[in-house]
1. If you wrap a convex hull around the C-alpha atoms of chain B and split its volume per residue, what is the figure in Å³?
2. For peptide B:138-148, what's the mean number of Cβ atoms from other chains within 10 Å of each residue's Cβ?
3. Could you pull out every residue, at least 5 positions away or on a different chain, whose amide H is within less than 5 Å of the one on B:Gly281? Hs are placed 1.01 Å off N in the peptide plane, and Pro or chain starts have none.
4. Give the Kirkwood hydrodynamic radius (Å, one decimal) of the range A:1-140, defined as one over the mean of 1/r across all pairs of different Cα atoms.
5. No solvent, one uniform scatterer per C-alpha: report log10 I(q)/I(0) for the range A:2-293 via the Debye equation at q = 0.07, 0.09 1/Å, two decimals.
6. Give me the net charge of A:Pro83's neighbourhood, meaning all other residues with Cβ under 15 Å from the Cβ of A:Pro83; Lys, Arg count +1, Asp, Glu -1.
7. Ordered by packing density, taken as the mean number of other Cβ atoms within 10 Å over each peptide's residues, highest first, how do A:211-217, A:129-135 rank?
8. When only Cα pairs under 8 Å and 6 or more residues apart are kept, what is the percent relative contact order across chain B?
Amino acid sequence: MTEVAQYVVNGISLGALYALLALGVGLIFGVMNLVNFAQGAYIMLAGYVLFFTIEAPWAVVIPLVVVAGVVIALVTERIAFRPLRGADGSTRMVASFALAFLAQSIVVAIEGSAPKAIPIWSLMSESIVVLDVRIPVLDLITIGASTCLLTGLWLFLTRTRTGLAMRAAAEDFEMLRLLGGRADRVIAVAFAISGVLAAIAAVLLFSKTAVVDPTAGTNPVLIAFVATVIGGLGSILGAALGGFSLGVLTTALQATLPAGLSSYRDAFVFGIVIALLVFRPQGLLGDRAEAQRAV
Amino acid sequence: MQGAEAGVAAARLDLRGEAGRLLGRAPLVLALTAGLVVICLLVQAYGSDDLKTTTITMLINLIMVVGLYTFIGNSGVLSFGHAGFMAIGAYASALLTIPIVTKSVLLPDLPPFLADAAFAPVPAALTAAAAAAVLAAVIGIPIVRLAGIQAAIATFSFLAIVQVVLSNWTELTRGQMTMTGIPLSIDVIAPMLWAVVAIGIAYAYKQSRSGFRLRATREDELSARSLGISVGRERFVALLVSAFLVGIAGYLYARLVGSFSPQNFYLEITFITLAMLIIGGRNSLAGAIVGPVAVSVLLELLRRGEDGSFIATIPNGSRDIVFGALTLAVLVLRPDGLMGRRFG
C-alpha cells in the first residue's frame, strides 16, 4: 500500500513536470502551428544561467533565469520564426531543429561538453514523511508550480484581451489579422510565455538532476512533443493533460513491468504513442479538423 | 491551382509510355551524378587518406539523403525515423560480416545462424538493406496512415524504440558498448558505385507510376484520392524503397566507419541529413544530391580552418556553429532549398 502511494506521488510529480514542458510547446503550436524544437534550447540555456547564478539567493536566481528564458525565446522568434512565418510546416520544424543545434554548438564552444554540477538549494533534496510515504519537497514544489502556472495561463487566456487574441490566433490566424488583431505582438507574447514556462521547467528539472550539459534540453523537449500530440494539437489544456498522462504512464510502466522488461520501458511508452496517433490522431482533447489542418 | 497540378501529374500516368517516363527529365540528375563520379575518381587517384575518409562520409550521407528524399520528397511527409533504418542496416551488416572468430569473442551469445554467418560485401549489403526494408514494412503499416506533425512524432517514436531495443538487446548488439571488428576498407570506389545505384533506384522510383501518384498526393491529397489513388499504398511503397536505400547507407557506415554504438544513429545524424535534404531542396532528387555535397564541402573547409590548414586558424567548435547558422540562413532565405521546387 505504501509502495502504491509512493508511486502515485512520483507519478503525479513527473506528470506535473511533463505537463509544464508540454504547455510551452503546445502553446506555440496552438498559436502558430509551429513545432518548436528550440524549446529544448531555452530549457538548456536557462539551465546554464541557473548554473552561473546559483550562488545568489533564490529570490534573485529565479527571476534571472525567467528573464533569460524570455529573452532567448524572443530572440529565436525574431531571427528565425518571424521570417519563416509563411513557410511550410516541415521547413519551420527543421529551422527550430537548427536553432537547437546552433544553441548547443555555441554552448559547447564556450563551456565545453562536460556536464556542470549545479549545487542546488538543499531544500530541494529534502523530503517529508506523511503516513509512511516519503514525499520529496521537490515533488511538492513541482506539483505546486505546475498548478499555479497552468491556472495562471488559463486565466490569462480566458480573462485578458491578449489572451483572447491568442486563442483567436490559434483558431484562425488569418482571420485575426483581417480583423485587425496585432499578430506580431500576440506571437511575441506567446513566445515570451513559452520562455517563462521553459525557465521554470528548467529550475525544477535541474533541481532534480543537479547537472546541466549542452544536450540537457533534448529529452525534455522530445517528451514535450510526444505529450502535446497525445493531448491533442492546438488544445492548450490538452497539452497539459498529455504531459500529465505521459508522466503517469511512465511511472506506471516502471512500477508494473517485470524486471527483464523494465529497461525497455521507453519502448513501450513510444509504442503506445504510435498506437494512439493511429487510432486517435486528434489526441485526447483535440478535434479532428484541427488535427487535419496541422502542418 | 494545386488540384490542377495533381491532375496534370496523374494525367501523365496515362499519356506517357513506360520508357518515356523512365527517361523523363534525366539530364540534370545525370549531370550531377556524373560530376559526383568524377570528383570521387579524382579523390581516389590523388587524394590523401584524410580526404578519402571525408569523401566516403559524404557518400554515406548522400545515400542516406537520397533515401530520405525517396520518402519525404515524393510524399511530402516528414520522417524523423530513418536513422532507425540506418541503424538496422549497420547492425545487420556487422552481424553478417565480422569474422566468425572475432564474433565469438565480441558476441558470444549469438544464435547459431548469425554466429556462423560470413557474408561477402555485396550480399551483406543487400541483406542488410532488405532487413531495413522488412522493418519498414512492419512500421509502415501504422506510419503511412499519418501525415504532418503526427507522422513526424510517430516516426520519431519509432526511432526512440529502435534506440531502446539496440541499447538493451546485448546478445545481438553489445548494447551501449561500441560495435567493432567489422573488416574496414578505405576505398572511395565501392561507396561511389553504391551511391550511383542509390541515385538510380531513387530516380526509377520517382519516375515510376507509384512515384507519380505519390507526388500527386503530396500536391493535393484530396484531388489525388478523387482520382482513385490510394495514398497509404503509395506511401508504403516509397517507405520500403527509402528504407532499403537508407539500409545501404547503414551497411556502408558499418564497413567504412567501422565502430559505432546506438547513439551514432540518433538525433545528430537525423538532424544533419534532414538539414542536407532541406538545404538541397527536399522536393527534388537533384536537391538530394546537391545538399549533401554542398554541406560536406563546407564542413570540410571549416574543419581544415579549425586545424590550421589555412593561413588563419578559426576557433574550435565554430564548425558546428557555422553549420547551424548556415542551415538556418538557407531556410530563412530559401525555404525551398538550393534547387527550389523547379525540378520536383
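1. On the way: hull volume 49.0 nm³, N = 344.
Dividing the Cα hull volume of chain B by its residues yields 142 Å³.
2. Working: counts 0, 1, 0, 1, 5, 3, 0, 4, 5, 5, 12.
Taking the mean over all residues of the peptide, I get 3.
3. So B:Gly281 has HN proximity to B:Leu338, B:Met339.
4. Working: mean 1/r = 0.0573 Å⁻¹.
By the Kirkwood definition, the hydrodynamic radius is 17.4 Å.
5. Log10 of I(q)/I(0), two decimals: -0.26, -0.43.
6. Details: positive: A:Arg78, A:Arg82, A:Arg85, A:Arg92, B:Arg334; negative: A:Glu77, A:Asp88, A:Asp184, B:Asp336.
Computed value for this residue: +1.
7. Per-residue mean Cβ counts within 10 Å order the peptides as A:211-217, A:129-135.
8. After rounding, I find 30 percent.
A short reminder: the numbers here are calculations on the coordinates, not readings from a lab. Predicted model only: the values in this text are computed from it and were never measured. Neighbour counts run over all protein chains shown; Cβ positions are idealised from the backbone, glycine included.
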